[in-house]
1. Part of a loop (DSSP other than H, G, I, E, B), surrounded by fewer than 18 Cβ atoms within 10 Å (Cβ to Cβ) and either on the phi > 0 side of the Ramachandran plot or at pLDDT below 90 (or both), is that true of A117?
2. Could you check L207 against (1) over 42 Å from the mean Cα position of the chain (by Cα); (2) in a helix (DSSP H, G or I) and say which number it fails?
3. Filter the range 218-240 for residues that are among the aliphatic types (A, V, I, L, M) and part of a loop (DSSP other than H, G, I, E, B) and give the result.
4. Of the conditions (1) among the hydrophobic types (A, V, I, L, M, F, W, C); (2) in contact with a Leu (Cβ under 9 Å, 6 or more places away or on another chain); (3) exposed (fewer than 12 other Cβ atoms within 10 Å of the Cβ), A229 satisfies every one except a single condition; which number is it?
5. Select, from A167, A171, the only residue that is within 45 Å of the chain's Cα centre (by Cα) and under 19 Å from T239 (Cβ atoms).
6. Tell me, yes or no, whether the range 166-183 has at least one residue that is surrounded by 14 or more Cβ atoms within 10 Å (Cβ to Cβ) and touching an Asp or Glu at 6+ places or on another chain (Cβ under 8 Å).
7. Return the residues of the range 141-150 that are in contact with a helix residue (DSSP H, G or I) (Cβ under 6 Å, 6 or more places away or on another chain) and either at pLDDT below 95 or aliphatic (A, V, I, L, M) (or both); say none if nothing qualifies.
Amino acid sequence: MTEKRSKYDTDPLDPDFVRRTEENLWGAARAPRPEEADQSRRDSVTEEPTRRFDEQPADSYPSVFVPPAYQPPRPSQPQPFTTFGAGPHQPPAATSAPPPGPSSPYPGPPHAPHGAAPTSRPVARLGIPENFAVMLPYAPFYIGLIASLIELAMVPSQEARVRFHAAQGLALHLAIIAISVLFRFVALASGSGFGSVLFGLAATIFLVVSMIRVWQGKPHHIAPLDEPARWLREKIAPTE
């Protein structure tokens with residue numbers, strides 16, 4: 001049963017207290033208050049549906065607050081490997097052997113290729129096999145020095161391999177002699193010949209290794225002796 005209340009009942013917990021009081025004071029024909037009218041207008045307007053931040057219209061700019069959607073990487077076409085940049089790999093064209101010149105340690109005709117083992121054919125004007133002729137200039141104990149001078153003075157220019165090793169062996173022996181003399185002066189000044197003995201042993205081992213490499217047909221090119229060897233090969237011309 002509904003509890004009866006008087007107009008002087010001021011219970012703040014009564015939700016209809018303000019409405020009943022105004023009706024008793026002003027009557028039923030009271031105009032609505034501004035906040036009530038505004039509330040009614042707001043209620044009459046259709047509320048726009050809620051839109052998510054990650055749903056942007058097609059004609060709007062992307063928001064900086066919405067992370068971009070993940071897109072899987074597209075499979076790329078495999079590119080052929082090339083060391084010259086992008087593009088299809090072109091196989092190197094077959095090239096012939098470089099022509100003999102100053103950069104080649106074996107200048108001369110094609111019968112003396114770089115790295116081919118020396119043969120046993122007799123060398124012109126010497127009569128000894130080619131493999132012995134290219135090995136003798138590196139013989140230790142001054143044997144190679146004499147053999148180099150003989151070969152440079154007798155072997156014609158067509159024997160490019162023999163003349164190359166003769167000139168290189170002669171330049172090597174002259175360099176060993178010059179360094180040995182320097183070590184002897186150092187030994188006289190210091191009173192110890194250990195450095196001279198050690199250098200002589202190392203020079204002998206190097207000459208023996210050079211003989212073995214040339215005999216086996218392996219390339220034996222001493223780069224620091226290029227200029228002296230070329231000068232000796234040009235100055236000591238074969239006798240006619």
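The values are calculated or read from the model by the stated rules, or taken from the named source; none is laboratory data. This one's a predicted model, so the numbers in the text were calculated from it and none came from an experiment. Here Cβ is always computed from backbone atoms with ideal geometry, including for glycine, and neighbour counts include all displayed protein chains.
1. Considered against the rule, which asks whether it is part of a loop (DSSP other than H, G, I, E, B), surrounded by fewer than 18 Cβ atoms within 10 Å (Cβ to Cβ) and either on the phi > 0 side of the Ramachandran plot or at pLDDT below 90 (or both), A117 comes out as yes.
2. Exception for L207: condition (1).
3. I222, I236, A237
4. (3)
5. Matching residue, one of A167, A171: A167.
6. Looking for residues that are surrounded by 14 or more Cβ atoms within 10 Å (Cβ to Cβ) and touching an Asp or Glu at 6+ places or on another chain (Cβ under 8 Å), one finds at least one in the range 166-183, hence yes.
7. L145, A147
Condition check ((1) loosely packed, with under 13 Cβ neighbours inside 10 Å; (2) touching a residue at least 60 places away in the same chain (Cβ under 8 Å)) across all residues:
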position	(1), (2)
A147	no, no
F185	yes, no
G193	no, no
H221	no, yes
